[in-house]
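Derivation of every value follows stated rules applied to the coordinates shown; laboratory data play no part. The model shown is predicted, which means the values in this text are computed figures rather than measured ones. Cβ sites come from the backbone with ideal geometry, for glycine too, and all protein chains shown count toward neighbours.
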Amino acid sequence: MNPLKMLKLIILFFLLITSPSYVFGFSPEKARFSIKFKDDIIPYRILGLFLLPEEEIMLEVLDADEKSQYTINSTVGNIIQIDSRKWKLQLPKEKGLYHIKINDNQLRDSINLNIFTVIPFKELKGEYLNGYRIGNYPLIPPNLINTYKKPVGFIEVTEENKETYISPHFKIGQFLCKQKSNFPKYIILKERLLLKLELILEKVNEIGLYCETFNIMSGYRTPYYNKLIGNVKYSRHLWGGAADIFIDENPKDKMMDDLNKDGKIDYRDAAILYDIIDNMYGKPWYKPFIGGLGRYKKKYNHGPFVHVDVRGFRARWGD
């Protein structure tokens, strides 16, 4: 066996026997059934959805117990039941935060959807939305790639809703752009990114690296802020499909933990998180989450971290 690979296995085994138990310290908060939403499957007891005003969506129960009966409670208003496990919903015209709860009455389990109606892109005035500087998106996507089209709209984050959970272990405020401004602030966020982060978090805990949530060093970036910090023009962060993450549990100090227990915080710690994620690729269940994966060293203005995104094709890099 390659000596480097052997060393990584030894480190992971050491972490497994010295870290808090996955069983007793972490729960993925998966329901006993799933919900199909567009092209995604929601297995978690809570998830945020980001939809246009008056948008119509379908929600369908999957992986259901044959004996179970399902009910839906909602503040949305307009709900049409298609059959016993499928509903069509139309979002209100007014912006806001709405709630849907789908109940499995037999298993006494439920999935809660926190639905944010986004502000349509057309309401952007120049570079600004309600005084918040967004900047400029490209008029024509590079190489006509659909994932780089201008966004459909922006999620309004306020002092009142910033602590809202949009998955079992992440709040919407964790994804705010780092540019300085007052509330309200605006972001773009893809539901699939949340599903991917939860999947990675579960895997991290399975191997014994207890982590309640990732520290998100960078989530959404406005084009204005992205240009200000000199980042690449077509960063996936601008389209709400990327996050720069690290494990910050012991101690909570806004710095990557010493994952390999060598007394130093450096690229080797980022490499452990990188390898955990990279080892998930190639598995059939991971296909919807294929995207970019990058590893970054500690620098004067930040510690080591890992970049993940849901661009739809495989990309790798590291410094």
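Residues of the chain were split at every exposed loop site, defined as GluC sites (Glu not before Pro) in a DSSP loop with at most 11 other C-beta atoms within 10 angstrom, and the longest piece left, sites excluded, is 164-319. Computed from backbone phi, the HN-Hα couplings of the stretch 165-178 come to 6, 10, 6, x, 10, 9, 10, 5, x, 5, 9, 5, 5, 7 Hz, rounded to whole numbers (Karplus: 6.51 cos²θ - 1.76 cosθ + 1.60, θ = phi - 60°; Gly and Pro given as x).
Among the trypsin sites (Lys or Arg not before Pro) within the stretch 137-212, those in coil by DSSP and having at most 14 neighbouring Cβ atoms inside 10 Å are LYS149, LYS178, LYS180. Look at the alpha carbon pairs under 8 Å that are at least 6 residues apart: their mean separation over the length of the stretch 120-193 gives a relative contact order of 28 percent. Close amide-amide hydrogen proximity is noted between ALA315 and GLY291, GLY292, LEU293, each under 5 Å apart and 5 or more residues distant or on a separate chain (H modeled in the peptide plane; Pro and chain starts excluded).
In terms of Cα atoms, the Rg and Dmax of the stretch 91-200 work out to 16.1, 52 Å. Projecting the Cα atoms of ALA243, LEU51, PHE214 onto the charge dipole of the chain (Cβ charges, centred on the Cα centre) puts ALA243 farthest toward the positive pole.
In whole Hz and in residue order, list the ³J(HN,Hα) couplings for the stretch 294-303 that follow from phi through the Karplus curve 6.51 cos²θ - 1.76 cosθ + 1.60, θ = phi - 60°; x for Gly and Pro. Rounded to whole hertz, the list is x, 10, 10, 7, 5, 9, 4, 10, 6, x. Seen from all directions on average, the stretch 207-319 presents a Cα convex hull projection of 7.6 nm². Taking semi-axes √(5λ) of the Cα gyration tensor in Å as the quantity of interest, determine which of [x] 32, 27, 17; [y] 29, 23, 20; [z] 41, 23, 17 was computed from the displayed structure. For semi-axes √(5λ) of the Cα gyration tensor in Å, the calculated option is [x]. The spacing between the stretch 196-253 and the stretch 255-278, judged by their C-alpha centroids, is 15 Å. Given the stretch 17-113 reduced to its alpha-carbon atoms as identical point scatterers, what log10 I(q)/I(0) does the Debye formula return at q = 0.14, 0.21 Å⁻¹? Scattering profile of the stretch 17-113, log10 relative to I(0): -0.56, -1.06. Scanning residues 5 or more positions from TYR186 or on other chains, those with amide H under 5 Å from its amide H are VAL157, with H placed 1.01 Å from N in the peptide plane. Calculate I(q)/I(0) for the stretch 234-294 by the Debye formula, one identical point scatterer on each C-alpha and no solvent, and give its log10 at q = 0.17, 0.24, 0.26 Å⁻¹ to two decimals. One equal scatterer on each Cα of the stretch 234-294 leads to -0.73, -1.04, -1.09. Averaging the sequence gap over all C-alpha pairs within less than 8 Å and six or more residues apart, then dividing by the number of residues, gives the stretch 225-319 a relative contact order of 28 percent.
Taking amide H as placed 1.01 Å from N in the peptide plane, ILE35 has its amide H under 5 Å from the amide H of ILE42, LEU62, each at least 5 places away in sequence or on another chain. Per-residue 3J(HN,Hα) values for the stretch 54-71, derived from phi via the Karplus relation 6.51 cos²θ - 1.76 cosθ + 1.60 with θ = phi - 60°, read 6, 5, 9, 9, 10, 10, 9, 6, 10, 6, 8, 6, 4, 8, 6, 10, 10, 10 Hz in sequence order (x marks Gly and Pro). With contacts taken as Cα pairs under 8 Å at a separation of at least 6 residues, the chain carries a relative contact order of 14 percent.
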